[in-house]
Amino acid sequence: MIIPINLGADSYDIVLERGALQKVGELFQLKGKVLVVTDSGVPEEYAKTVAAQFKNSFIYTFPQGEQSKNFDTYRAICEKLLEYSFTRKDAVIAVGGGVCGDMSGFAAATYMRGISFYNIPTTVLSQVDSSIGGKTAIDLNGVKNIIGAFYQPKMVVIDPDVLSTLSDRLIRNGLAESLKMGMNFNKELFDIFKKEDYMDHIEKIIELSLRIKKHVVEEDEKEAGLRKSLNFGHTIGHGIEGASDLTELYHGECVALGIPPMCSEDIRQEVVAVLKNIGLPTEYKLDREKVREVISHDKKSGGEKISVVKCNEIGSFHFEELTVDEIMNLI
């Protein structure tokens with residue numbers, strides 16, 4: 001299945017196909033040098049399988065985890081590109097989850113002011129969300145994604161077969177982003193989580209999520225309006241993520257915790273029940289002052305108030321401008 005992302009000169013295709021990892025050489029058609037960037041949490045054979053399909057390829061692996069999403073890792077990737085004398089005719093290929101895609105994309109966006117970037121997401125979270133739309137970034141001083149650029153990939157290849165090596169927890173982690181999109185845009189997607197065994201419908205969940213992300217990115221590539229809706233659950237979620245031990249909670253779990261406070265009372269209990277059905281957390285002990293501090297630095301802040309996304313009815317959303325105190329009162 002090919003899902004085109006129509007962005008004028010920056011348009012590209014998403015290839016969603018089982019077994020596609022074995023075909024990236026044919027799909028990408030690259031003649032120059034290739035740096036395959038991956039992390040230590042991704043099975044080695046994935047990066048090796050990709051690298052073997054190109055004549056002049058190199059692999060760089062960094063330590064897994066959000067704690068690697070920093071200037072040191074960014075610098076290390078750029079140093080490899082320089083060491084191997086990469087030019088604008090060459091390319092970076094990310095093989096991994098959201099951190100890997102963000103790091104690789106940001107390096108590609110800035111090395112020589114931009115070289116070709118391709119993304120092969122290997123987690124549910126990156127397949128349904130972070131690999132699409134061109135957001136690349138690193139964290140700084142506990143603030144997520146504060147340094148970055150919009151830089152579209154040349155192609156994204158999604159192979160559901162690679163999910164077979166993920167733990168149940170990592171799969172659930174990614175599904176938080178799909179649930180978020182279903183709540184805001186597509187009741188059919190939400191109902192899969194409510195009524196079905198999600199693993200029986202994983203390809204459908206990926207496809208529906210991608211089509212929502214496609215619509216949003218095509219309408220608002222640089223997050224001037226509609227794309228901000230994808231931050232649903234993230235204002236509080238990022239606050240929890242920045243205030244907690246990164247080894248305790250994954251990104252999607254933090255988003256899950258950030259969703260119920262942004263729901264109306266009419267749907268909150270239904271949403272909490274669905275989160276529990278998926279196996280995502282709905283409660284967590286936290287340091288409120290640390291959460292407040294992180295939320296205060298929220299990049300979506302405009303002056304005294306922060307733009308948040310709220311959901312009163314499944315399949316819809318609206319924006320509200322809230323103070324940090326008002327957000328804290330919702331938790």
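The values are calculated or read from the model by the stated rules, or taken from the named source; none is laboratory data. Bear in mind the structure is a predicted one, so any value in this text is a computation, not a measurement. In this analysis, Cβ positions are derived from the backbone assuming ideal geometry, glycine residues included, and neighbour counts consider all displayed protein chains. Note: accessible area is taken over every heavy atom of the protein model, side chains too, but ligands, DNA and RNA are not part of it. Shrake-Rupley method; radii C 1.70, N 1.55, O 1.52, S 1.80 Å.
Points to keep in mind about this one:
- Each residue in region 268-299 was checked for being touching a His at 6+ places or on another chain (Cβ under 8 Å) and either in a helix (DSSP H, G or I) or over 22 Å from residue 317 (Cβ atoms) (or both), and 2 pass.
- In summary, residue 66 fulfils each of the numbered conditions (1) at pLDDT 95 or above; (2) among the acidic types (Asp, Glu); (3) in contact with a helix residue (DSSP H, G or I) (Cβ under 9 Å, 6 or more places away or on another chain) with the single exception of condition (1).
- Pick from region 37-65, criterion buried (at least 18 other Cβ atoms within 10 Å of the Cβ) and of a type in the set (Phe, Trp, Tyr), ranking: farthest from residue 241 (Cα to Cα): 54
- Subset of region 90-122 (residues that are among the hydroxyl-bearing types (Ser, Thr, Tyr) and surrounded by fewer than 24 Cβ atoms within 10 Å (Cβ to Cβ)): 110, 111, 116
- Verdict on residue 316 being more than 26 Å from residue 170 (Cα to Cα), in a loop (DSSP other than H, G, I, E, B) and not hydrophobic (A, V, I, L, M, F, W, C): yes
- Cross-chain or 6+ apart pairs with Cβ under 7 Å, region 16-38 first and in contact (Cβ under 8 Å) with a residue 60 or more places away in the chain and on the phi > 0 side of the Ramachandran plot, then assigned to a helix (DSSP H, G or I) and open to solvent by 10 Å² or more (accessible area, probe 1.4 Å): 19/161
- Reported count of residues in region 209-233, each being assigned to a helix (DSSP H, G or I) and open to solvent by 20 Å² or more (accessible area, probe 1.4 Å), is 7.
- Residues being outside any helix (DSSP H, G or I), open to solvent by less than 10 Å² (accessible area, probe 1.4 Å) and not aliphatic (A, V, I, L, M) - total across region 123-135: 3
- Extreme residue, nearest to residue 278 (Cα to Cα), among residues of region 162-197 that are assigned to a helix (DSSP H, G or I) and small (Gly, Ala, Ser): 176
- The condition of being at pLDDT 95 or above, closer than 30 Å to residue 204 by Cβ and in a helix (DSSP H, G or I) holds for only one of 36, 15, 95, 24, that being 24.
- Qualifying residue in region 66-79 (condition: over 15 Å from the mean Cα position of the chain (by Cα), buried (at least 16 other Cβ atoms within 10 Å of the Cβ) and under 18 Å from residue 173 (Cβ atoms)): yes
- Residue in region 175-184 that is touching a residue at least 40 places away in the same chain (Cβ under 8 Å) and surrounded by fewer than 22 Cβ atoms within 10 Å (Cβ to Cβ) present: no
For (1) open to solvent by 20 Å² or more (accessible area, probe 1.4 Å); (2) assigned to a helix (DSSP H, G or I); (3) without any contact (Cβ under 8 Å) to a residue 60 or more places away in the chain; (4) within 19 Å of residue 192 (Cα to Cα), each residue gets a yes or a no:
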| position | (1), (2), (3), (4) |
| --- | --- |
| 235 | no, yes, no, no |
| 240 | no, yes, yes, no |
| 249 | no, no, yes, no |
| 252 | no, yes, no, yes |
| 256 | no, yes, no, yes |
| 266 | yes, yes, yes, no |
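- Subset of region 300-313 (residues that are modelled with pLDDT of 95 or more, part of a strand (DSSP E or B) and surrounded by fewer than 19 Cβ atoms within 10 Å (Cβ to Cβ)): 310
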